[in-house]
Every structure is written in C-alpha cells, then in structure tokens.
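To keep things clear, I will list the structure first and then write my remarks on it.
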Amino acid sequence: MTRSEQVVLITGASSGFGKAIAEAMHARGYCVYGTTRTVPAPAKADSYRPLAMDVDSEASVAEGVERILRERGRIDVLVNNAGFGVAGAIEDTTVEEARAQLETNFLGTHRLCRAALPGMRERRSGRIVNISSLAGLVSVPFQAFYCATKFAVEAYTEALRMEVRPFGIHVSMVEPGDFATGFTARRRMARASGPASAYDERCRAAVGRMAEDELRNSDIGPVVRKVVAVVESERPRLRYPVASLLQRTMVALRPALPPSWFEYLIMDNYEIR
Ligand SMILES: NC(=O)c1ccc[n+]([C@@H]2O[C@H](COP(=O)([O-])OP(=O)(O)OC[C@H]3O[C@@H](n4cnc5c(N)ncnc54)[C@H](OP(=O)(O)O)[C@@H]3O)[C@@H](O)[C@H]2O)c1
C-alpha cells in the first residue's frame, strides 16, 4: 500500500506537536486529517486536511470519523495528541476542573480509539500513537490532575496494546518532556489559585519553573520525528520518551532511589522545598 493510500488522523492539529506532526506526515505523502475545535479554514492545495472535532464530544468525534470513512473508507493511523494542562493545588481544584482535564486528555483518547478500532480490526492492521508525557511517569506538584490524566493514558495504552495485538494493531506512546508549544500559554490555572490560596507562593514557583523549562526548549523536531518513526517502525515499542538527558535520567533513577530522595529531587527541581 502506498503512503498516499494510508489515512492518518491526528487530533489537536491546530498548534504545537499536532500541527507539526500533521505537516510532517503530509510531507511524507500520507493522506492526513488534522483536527481542531474551531471551524477549520478550507484545505490549502498542498496541506493536510483540516477536520472540525472536539474530542470531548461523542457526537463531534462520530461526525468527524464518519466524514473520513465517507471520503477515504479507512483510518490506518491514529495519533491521539489533543490535550491541555490544568495547574494549581489539589485543594484548590474543583471536581469540574478536574473532570474537564480527564475529559479531553484521557476520555478524548478513548473516544478516538473506540471510533478507529473497528475498521483497524477488520483490516487486521493499524497504528495508534498516544501522546503521553514524562508527567505520565513522574507526578509533579501543582499539576496533579494533568499528571493523573497522563498516568491514565499510560495504563490504558499498556492494556490496549496487549488487547489488540492479535488483530495486527500496534499501539505505542510518545512521552515528551518539556517543549515550547501553545501548551504553556493555554495552561488553565484552577480558579481558586491566587493570593488567597494557602499554596499561592509554592504553586507560582513550581508552575513558573515548569513554564520556564517548556519555553526554553523550542525545538519540537525530536518529538515530531519520533512519532513519524513510530508510525513507520515494523515493530514499534510501547514507550518512547523524548526529553533532555537530565529528565530521562531522573525517570530512570526513580526505581533505584529511596522514595524520600526522589521526592527531594523533584521538590528541589520545582523550587518548593
Ligand atoms: N508541550 C509540552 O511540553 C508537552 C509535554 C508533554 C506532553 N505534551 C502533550 O502534547 C500534546 C499536544 O500539546 P502541545 O504541547 O502541542 O500543546 P498545544 O500547542 O496547546 O496544542 C494542543 C492541541 O490540542 C487541541 N485541543 C485541546 N483541547 C481539545 C479538545 N477538547 N478537542 C480537540 N482538540 C483539542 C488544541 O486544538 P484547538 O484548541 O484548536 O481545538 C491544540 O491543537 C498534549 O496531549 C500535551 O499534553 C506536551
């Protein structure tokens, strides 16, 4: 099968990783649909196909997937990338704020998998790449709900991979560290954050440090190239961390260190001792 016959669906393609992955896959000759919640501009002559989709909505996901199946009859590759971050102290975060985070980052991934899997299963082939995070491996103070959604994506992906392997479907995760995308500016602070919060000073320090680390790292190329490599790999692995040596070392060291030492390192890193 030629690349132009292979249909790729990437969620959250209006910005950051999703946009760059959609452009890279299009440039390699795949037929790419990239989603955004805003009404997309008509497709440019030499670009991927924009598709309106809100991953929070069953109806919107069903409508978007139906359109692809009507136009192309199949989805060969699904990249679950749409997501955002909620930050703030756990005590300051309402259940509604937490639910919104789960709705997009975790249940959005599940909605898309459910929509794409039947066709992949029938054809006995398919690729799913879930964009997780190093925050799916190590929890970060004042980003508990974001981390919880990515830990959930990790657990889900591990299980899904084993469930669908007999159908010729490969499931993997790419786990970025900190990168400059639209993510930093779109981060939602829990509404109760601010000077009235008992956590204000430490929360600002930790989230500020995180934002600095993200904005310092503007080359998102390694994440984009990793996703392309995973899609094109004969036997993709479960996990692909893409992060600085320091961050990868921290994650690798975790099982070897006493938990209190690891906690100290994390708190020191986020300046909240
Ligand atoms: N940047 C980092 O440091 C970093 C690190 C690790 C993991 N990640 C993960 O990478 C993924 C992409 O984020 P990014 O860094 O590229 O951020 P970004 O530039 O803000 O892009 C996020 C994309 O997600 C889309 N999106 C958000 N909510 C959506 C919804 N309900 N339905 C459909 N689309 C939605 C946005 O599209 P619209 O608003 O146009 O709909 C946008 O295209 C996320 O899953 C994020 O958690 C990022």
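Each residue in segment 23-59 was checked for being hydrophobic (A, V, I, L, M, F, W, C) and either touching a Pro at 6+ places or on another chain (Cβ under 9 Å) or modelled with pLDDT under 95 (or both), and 6 pass. Residues in segment 162-193 that are within 26 Å of residue 250 (Cα to Cα), touching a strand residue (DSSP E or B) at 6+ places or on another chain (Cβ under 6 Å) and of a type outside the set (A, V, I, L, M, F, W, C): 172, 175, 176, 187.
Sub-7 Å Cβ pairs linking a first residue in segment 45-60 that is among the acidic types (Asp, Glu) to a second residue that is within 13 Å of the ligand (Cβ to nearest atom) and open to solvent by less than 50 Å² (accessible area, probe 1.4 Å), at least 6 apart or interchain, are 54/60; 56/103; 56/104; 56/108; 58/111, ordered by first then second residue.
Just one of (1) more than 24 Å from residue 105 (Cα to Cα); (2) at pLDDT 95 or above fails for residue 252. It is (2). Exactly one residue among 74, 49, 99, 70 is basic (Lys, Arg), under 25 Å from residue 145 (Cβ atoms) and open to solvent by 10 Å² or more (accessible area, probe 1.4 Å), and that residue is 99. Here residue 14 clears all of (1) open to solvent by less than 30 Å² (accessible area, probe 1.4 Å); (2) of a type in the set (Ser, Thr, Tyr); (3) within 16 Å of the chain's Cα centre (by Cα) except the condition numbered (1). For segment 142-169, the tally of residues that are open to solvent by less than 40 Å² (accessible area, probe 1.4 Å) and either over 27 Å from residue 6 (Cβ atoms) or under 14 Å from the mean Cα position of the chain (by Cα) (or both) stands at 11. For residue 120, the requirement of being within 15 Å of the ligand (Cβ to nearest atom), within 24 Å of residue 68 (Cα to Cα) and either open to solvent by less than 30 Å² (accessible area, probe 1.4 Å) or not in a helix (DSSP H, G or I) (or both) is not met. Screening segment 4-86 for strands (runs of 3 or more DSSP E) wholly inside it with 2 or more residues that are more than 15 Å from the ligand (Cβ to nearest atom) and of a type outside the set (Phe, Trp, Tyr) returns the ranges 7-10. Looking across 192, 252, 185, 229, one residue alone is open to solvent by 50 Å² or more (accessible area, probe 1.4 Å), on the phi < 0 side of the Ramachandran plot and in a loop (DSSP other than H, G, I, E, B). It is 192. Of all the criteria given as (1) part of a helix (DSSP H, G or I); (2) in contact (Cβ under 8 Å) with a residue 24 or more places away in the chain, the one not satisfied by residue 201 is (2).
The values are calculated or read from the model by the stated rules, or taken from the named source; none is laboratory data. Here the structure is a predicted model, which is why all the values come from computation and not from measurement. Every residue, glycine among them, receives a Cβ derived from its backbone with ideal geometry; neighbour counts consider all protein chains shown. Ligands, DNA and RNA are stripped out before the accessible areas are found, and what is left, the full protein with its side chains, is counted by its heavy atoms. Shrake-Rupley method; radii C 1.70, N 1.55, O 1.52, S 1.80 Å.
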